[in-house]
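Contents: one structure, followed by commentary.
Rule-based calculations on the coordinates, nothing more; no lab input. The model shown is predicted, which means the values in this text are computed figures rather than measured ones. All Cβ positions, glycine included, derive from the backbone under ideal geometry; neighbour counts span all protein chains shown.
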Amino acid sequence: MDLVAAIVAAHAGREGPLLPILHDVQAAQGHVSEEAIRTIAHGLNLSRAEVHGVVSFYHDFRTQPDPRPVVKLCRAEACQARGVEALVAALPPQNQVRIETVYCLGLCSAGPAALAAGRPHARLDAAKLAALVEAAT
């Protein structure tokens, strides 16, 4: 049994299994391929369009592999009020790290905030964010 089929089987009988399955596939493979979409659709008795619709709706899911490390930068209202947009503008252009926008990391009183390598970082300024991006490479 291939990895995606095993993930689908592990969620058998669970109510609302599609999102947990997609998260597990993304974690295991780094993306949700067209082949994975077909396997998931078949396993859940859904159409490929239904599964693809969910994959394309949520920005966390990728359909192509991207080996770059990710820095998730909060751009919610509290972090905007604390100057996150100026930090984004000050970042030098780079292609080594993927900067993803998220809305709320739960650090609203200590923003601007980011998540890198699974760890939260708060009270960012331009130098701290640049160092965080550099460390992620």
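Worth a mention:
- Rough spin-label spacing in nm, given labels placed 7 Å along Cα→Cβ, for A90 and D60: 3.0 nm
- Point-charge dipole on Cβ atoms (K/R +1, D/E -1) for the chain, about Cα centre, debye to 20: 320 debye
- The alpha-carbon atoms of region 70-136 define a convex hull whose volume equals 68 cubic angstrom per residue.
- Among (i) 2, 10, 21, 24, 22, 14, 6, 1, 0; (ii) 2, 9, 15, 15, 11, 6, 5, 6, 7, 7, 6, 5, 3, 2, 1, 0, 0; (iii) 2, 10, 18, 17, 13, 12, 12, 9, 6, 1, 0, the entry that matches P(r) over Cα pairs in 5 Å bins from 0, in percent as calculated here: (iii)
- Derived scalar couplings between HN and Hα for region 112-124 equal x, 10, 8, 10, 9, 6, x, 10, x, 9, 10, 6, 6 Hz in order, rounded to whole Hz, by the Karplus curve 6.51 cos²θ - 1.76 cosθ + 1.60 (θ = phi - 60°), x for Gly and Pro.
- Value at 222 nm in deg cm²/dmol, rounded to 500, when DSSP H runs of n ≥ 4 in the chain each add -39,500 (n - 2.57): -13500 deg cm²/dmol
- Long-range HN-HN contacts of V102 with modeled amide H, under 5 Å: L73, C74, R75
- Residues E134 and L44, FRET efficiency given R0 of 41 Å [Cβ-Cβ distance, rounded to 0.05]: 0.45
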